[in-house]
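Written out below as structure tokens is the structure these notes cover.
Values quoted throughout were computed directly from the atomic coordinates according to the rules given, and no laboratory measurement underlies them. All values derive from a computational prediction rather than experimental measurement. Note that we place each Cβ from the backbone using ideal geometry, even for glycine, and neighbour counts take in every protein chain shown.
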Amino acid sequence: MQTTIKELKEIRDILASIDVSLQLLATQDPTRRTTEFVSKKVICQRLAIPSVALDKLIYQGLVSGGDHGLVEGKHYCKLDPTEQNSSKFLYDPNTVIQSAWESFKNV
């Protein structure tokens with residue numbers, strides 16, 4: 001029973017990653033208009049980073065005034081303006097992955 005639950009969770013995670021990949025491919029247009037938002041867990045899986053690393057990027061965005069890291073309104077949005085738990089935010093995979101790629105290339 002325990003192994004079945006674990007296998008189902010793995011399948012769910014794989015399908016979530018495939019879903020993000022398909023959404024990114026479907027929205028490859030010059031305007032890069034966001035048509036989907038995903039959870040923190042999906043973004044972390046897609047970038048292969050721990051969730052604490054994403055929290056550090058959010059903090060970096062706050063202290064830099066939006067020059068570095070993840071920025072509210074560009075990379076993520078809050079459903080409730082008073083919410084402080086980053087797992088409750090919705091993330092734009094297009095801008096997050098694009099910013100990650102630009103940072104990697106030092107552009």
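When the stretch 53-76 is examined, which residues are found to be hydrophobic (A, V, I, L, M, F, W, C), out of contact with any Gly (no Cβ under 9 Å at 6 or more places or on another chain) and exposed (fewer than 13 other Cβ atoms within 10 Å of the Cβ)? Quick ask: steps written out before the conclusion?
Here is the first cut: in the stretch 53-76, the residues hydrophobic (A, V, I, L, M, F, W, C) are 53-54, 57-58, 62-63, 70-71.
Still in the list and also out of contact with any Gly (no Cβ under 9 Å at 6 or more places or on another chain): 53-54.
Matches in the stretch 53-76: A53 only.
Within the stretch 38-89, how many residues turn out to be of a type in the set (V, I, T) and in contact with a Pro (Cβ under 7 Å, 6 or more places away or on another chain)?
2
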